[in-house]
Structures are given as C-alpha cells and as structure tokens.
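Presented below is the structure to which this report refers.
The values are calculated or read from the model by the stated rules, or taken from the named source; none is laboratory data. This one's a predicted model, so the numbers in the text were calculated from it and none came from an experiment. Please note: Cβ atoms are built from the backbone with ideal geometry, for glycine as well, and neighbour counts cover all protein chains shown.
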Amino acid sequence: MYPRYKPVMNFKGSLTTLILQNLKEGPNHGYRIAQEIKQKSKGVLDYKEGTLYPALHGLENKGLIESYTQEENGRTRCYYRLTKKGRGTLAEQKQEWARFSEAISLVLQET
Amino acid sequence: MNQPNNNKPETLLHWWLAVATNGLAPAGKERLTREISLHYAEAVEAHLAQDESERTPETKAIAECTVIKELGEPEVAARHFRKIYWTGKETEHVANLVKVGGKTPILLLGLLIPAILLGIGLFLGPLAAPLIFGGLVLMLAVCPAFTFMLAKRPLTKASTSLLLLADWTRDIALAVAAPIMVVSPFRNPGLIVGIVVLVVLVKIIPRIRIWNKARKMSDEFDETTGIAT
C-alpha cells in the first residue's frame, strides 16, 4: 500500500516554478524572463505575455518575489527579484516537480 | 475577435492593450500597460536586430506585427488579467461598501428592519420569530458595525475580506431570514429553498471572485480607491 499522495503540481502550474528558478539566478524583468525560459527550453516553452505578467504579479502578491523599478536607457523598467519566502517555495516546488515527473515517467514507461 | 480600426503598428499595440485590459481598475491597467509596452518595445528591437536587412519603415512594421502576434490573443490575456487584477466594477463595489455600509443610519437601519419583521412575524404567528429576530440583528447590525470599526483604511486584504463578509451576511440575512420571519418554513419549504438558491446564484457566486481576489492581493494601495491592489 502506497502512502496517499495529493499532487499539487501539474504542467499548467509549472510557469511559476520556472519564473522562480529564473529569478534565483538574479533580478530580471518580464521580457528577459520570457526569453530565457524560451531559450533554455529550446523554444518549447513559449509563454505569452497574457500568462506571464499575471503569474509574475500573482507571485509578487504572495510575497514570493518583489519588484522594483530602475532607469535603463531612459526607460523605467520593472525588475523582479526572489524573496526568502520565494527561495523556500522554489525548493519545495522543485522537489514536487521531481516527484511528479518521476510518477509520469513510471506510467509512460514501456514494459 | 475585435478588429483594429487600422493597421498602424502603434495603434495595434494600443488596440491590444485596450482589449486585454478592458474593464480593469486604473492601477492594474496602468501597471500592465507600462510593463507590456516596454516588453513590446524590447521585443521589436530584438526582431529588428535579428533581421540583417536594412531598417526601413516596412521592416519595422513587420517586426511590430510579429510581436503583436507573439503577444497572443488579447481576449485570452484579458481572461488571465481579470483573474488577478481588480476590475473597475469590483473596486467600485468595495469602495461603496466603505462609503455607504459603515454609515450610522445604515447600521441603525440594520436594527429597524429586524424590529419591523419581528412585528410582522409575531402578527402572522411563526414560533421561531424571536429567535430569527436575534439572528437578524446580529447579521444586519452587530456584525457589520464591528466589521466597519475593525476595517483599517486604506483597505488591507484582511479588511477587504472582512467587509465582504459583512456584506454577505447582510445580503443573506435580508434575503433569506426576512421571508422566514413572515412565512413559516415548515409550511412553505419549497419557497425557502427557492429563495436560498436564488440568493446563492445572484448574490453569493458573483462575489466569490472578489473574495478570492481580496485574499490574493498585495498590500500596496490604489491611490484613487484606497484599496490594496
């Protein structure tokens, strides 16, 4: 008998983890976050802005990231950085993802 | 899908933003417009830098159209935005709660209404009238009065949630308990069930989204409404 497991991670909810992971490497702004996720996933994960910005602002509301503005080439840009709470959440979500993807792989494995 | 009035790329961005942020409260609209406009400008620059051909108005227009396409359907974006940002109607609703709901005459009315209903209830003879009267006073006058005293201005997410709760208890009390006062539920169970279903459909369900958003808000305030965004 396996312990009861309630999955909290799915493919749709993975964007927040990807954003947190991206910000772990340092502060970043929306456009670059989207570009880096796209590049690192070799073009597979191409999130639209309609999804990206609500996710960013939602994470900010939860206190997982924080924003600040900075002047750059005459433009006021909004940067995001990871908070301490965000670091903790990222570690949990990565563990959860490993568990989730392992479970999917086991099911898909050809016997 | 809404069609832009003309094909000028600059107008296309404005059109995209107008559709995607339609109905949002000023704070959310302003923030999204600022960030997406910057995102757009940067993406256009990146497209132009990739293109080795000479920069002409045509190549710029192509780059801008490509970026607009990359932004995705504005209607889809609007659905995402509405899940996380206050709409104008929602902020208006919360602002009205503060403006009207906390006033002394309204709170006193919360005592007067149960008193009138008690009179009618006793006249018609339901046994539970005094008990329901107590409940009504609690839901219409006592709870809202405490809530409005506790709610801090500007409104934090906790205060907004409290105000919404007080608003709900008032609606439920008026729409459900009041008919019970004058119509015995044992004689007309169908009527009472019908009223409860109607109140849930008309009053409670549409406001669950507001409640949910209030829980997810940060504690930064919209200067125009004084509500956390």
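At a glance:
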item	result
Selection count where residues are surrounded by fewer than 18 Cβ atoms within 10 Å (Cβ to Cβ), among the aliphatic types (A, V, I, L, M), out of contact with any Asp or Glu (no Cβ under 9 Å at 6 or more places or on another chain) and more than 8 Å from every other protein chain (Cβ to nearest Cβ), scope the stretch B:47-88	3
Any hit, the stretch B:88-99, residues being farther than 20 Å from B:ALA18 by Cβ, more than 15 Å from the chain's Cα centre (by Cα) and of a type in the set (Val, Ile, Thr)	no
Residue that is surrounded by the most Cβ atoms within 10 Å (Cβ to Cβ), among those in the stretch A:74-111 that are among the aromatic types (Phe, Trp, Tyr) and either touching a His at 6+ places or on another chain (Cβ under 9 Å) or in a loop (DSSP other than H, G, I, E, B) (or both)	A:TYR80
Filter result (among the hydrophobic types (A, V, I, L, M, F, W, C) and in contact with a Gly (Cβ under 6 Å, 6 or more places away or on another chain)) within the stretch B:67-84	B:VAL76, B:ALA77, B:ILE84
Those residues of the stretch A:16-34 which are outside any helix (DSSP H, G or I), in contact (Cβ under 8 Å) with a residue 24 or more places away in the chain and more than 10 Å from chain B (Cβ to nearest Cβ), in sequence order	A:GLY26, A:PRO27, A:ASN28
Members of the stretch A:63-73 found to be surrounded by fewer than 13 Cβ atoms within 10 Å (Cβ to Cβ) and either modelled with pLDDT of 90 or more or of a type in the set (Lys, Arg) (or both), listed by number	A:TYR68
Residues satisfying the stated conditions in the stretch A:38-53, i.e. hydroxyl-bearing (Ser, Thr, Tyr) and more than 12 Å from every other protein chain (Cβ to nearest Cβ)	A:SER41
Residue match in the stretch B:175-186 (condition: among the small types (Gly, Ala, Ser) and modelled with pLDDT of 75 or more)	no
